[in-house]
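Working notes, structure below.
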Amino acid sequence: MDGATADSAAVAVRLAEGASLREVLDLADPAAWIALDTGVRQTAWRPGADPLTEAQLALALCHPDGRIRAAALRQAPAYPGLWPLVVVRCSDWAAPVREDARRLLAEALDPGAAVRLMPLILRIGRRSRGDFVIDLATELLRAAPRGTLAPLYTDDDRITRRYAYRLAVAQGFLSPVELARAAARDDDTVVQSLCAEAALAAVAEGDADDDVLEPLLAARNPRARSAGVTALRRAGRGERAVGFLGDRAGVVRACARYVVRQAGSDPVGWYRRRCADAGAPALSAGVVSGLAECGNRSDAETLWALTGHSDPVVRARAVGGLRLLDVLDVRRLQALLDDPAPGVVREATLALVPSARLLDDGWLSERLAVERGRQTRVSAFRLINAHGGLVRLRAAVALLDDPDDKLRLWARQCVRRWRPTADVPPGSAEVGELLDRARLFDAHTLHRLRWEAGLRG
């Protein structure tokens, strides 16, 4: 029995001992009801003589004996708090129990109850034989007043919110303005896309007003912003897209460039003009990225100049832009490994990894010293690993007792996985000494590694 099953069985035991449902269950949590259904089957509880209490009836509704479940269903309508278990029984493996539960639910379920039970209904709906409960609830909610779904739009469960918004879009329950606000507010990407697209589809060509566009354009999430920016062209306001060319999100920048081009302007020239002054303190990182995304290799010198900018994010984006343009200058990139900003070092490292063997291993080894910044040490070790061979083994053994937990673990993994490469001289005494110093291998593995390295002793 795993931990979750054991916990649910303990809940069932407490109910059998007289605890109330409210004492042992989070009644609003659909997972709690499903867990109870599992937990009761791990206990030896059996119902006594009628009448059963609400807690006992809950246990009976989950009992492994189908006859006991069926008998409990006949009493369940008297206890409104047990409707979640009636929903669970609608997918019961025993056909008589399943049919009785479905009949009871169909007779009693109203739109308000469907909303309250929807998170559980959606979970049961994913089971075999679970489609009945979703179909029943959906049929009720389609015919309900448009405000009925409102509690589901802000439910903590994203699956529930997706269901609610899909139904609302299909039935026209929400206005374009409400959909735009939902797209801007919700943190689920599916809801963002669904609502943004529906909001824009609901307004006529050239008729997207500020009440629809502004929530999208001001949204924190890039999906909503990109939808709003794209809609600017259809609304005849393509000039506003220029303000999003330097957006922090790549997808928004790409949409802005499309709209600006459609309006007859040149986004590349816009980026070049703003990046031309490498000392401009107000230059945003998004502008630098934008130049790399739509520029060409002739823009490399502009980006190199920006690697000396005062803003570390701008410097990092400039290095990333050089990598995107496939511009490699090992000497200049190597110097950036000593930059105080971790983002710059990380981007320079990514650019240098394919050319790691062109770097001086002694220079890299110096940057493994404990007094160096952590980002520099991690970068140096990554590039030494890309070097491979004896250089890699030498550095890894040197870090086996390093005070940095991540580097120490990484070094030990590198030693354990090390194998001689073609450039390691067979019979190298240094290899033998390093393997012996590592003390990470059993005798058999050490003997095999020494043999592979050409060490016969």
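Values computed for the structure shown
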item: Cα-based Rg / Dmax (Å) for the range 135-200; result: 10.9, 31
item: P(r) of the range 306-421 over all Cα-Cα pairs, binned every 10 Å from zero, in whole percent; result: 15, 45, 30, 10, 0
item: Exposure proxy ranking, count of Cβ atoms within 10 Å, fewest first, for Arg412, Arg332, Arg392; result: Arg332, Arg412, Arg392
item: Shape call, the range 398-457: gyration tensor on alpha carbons, a/c limit 1.5; result: prolate
item: In Å, descending, principal axis extents of the Cα set of the range 66-211; result: 64, 25, 22
item: Sequence of Asp37, Asp135, Asp404 once ranked by neighbouring C-beta atoms within 10 Å, starting from the fewest; result: Asp135, Asp404, Asp37
item: Over 21 Å [Cα-Cα, the range 1-157], rounded percent; result: 44
item: Where labels lie 7 Å past Cα in the beta-carbon direction, separation of Glu17 and Arg127 in nm; result: 2.7
item: Estimated FRET transfer efficiency (Leu409, Ile159; beta-carbon r; R0 30 Å; 0.05); result: 0.20
item: Rg/Rg_ref, the chain, where Rg_ref = 2.2 N^0.38 Å and atoms are Cα; result: 1.43
item: Least to most buried among Asp402, Asp423 (fewest other Cβ within 10 Å first); result: Asp423, Asp402
item: Extended-chain gain in nm, criterion 0.36 nm per residue less alpha-carbon gap, Ala28 and Leu324; result: 101.6 nm
item: Distance histogram for the range 228-296 (every C-alpha pair counted, 5 angstrom bins, percent rounded to whole numbers); result: 3, 20, 31, 23, 15, 6, 2, 0
item: Longest segment of the chain lacking GluC sites (Glu not before Pro) that sit in a DSSP loop with at most 11 other Cβ atoms within 10 Å; result: 18-204
item: Highest to lowest packing among 25-32, 44-51, scored as the average C-beta count within 10 Å; result: 25-32, 44-51
item: Inter-probe distance in nm under a simple model that places probes 7 Å from Cα toward Cβ, at Ala276 and Ala429; result: 6.5
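Quick note: the coordinates plus some simple rules give every number you see, no bench work behind them. Here the structure is a predicted model, which is why all the values come from computation and not from measurement. As a convention, Cβ positions derive from the backbone with ideal geometry for all residues, glycine included, and neighbour counts pool all protein chains shown.
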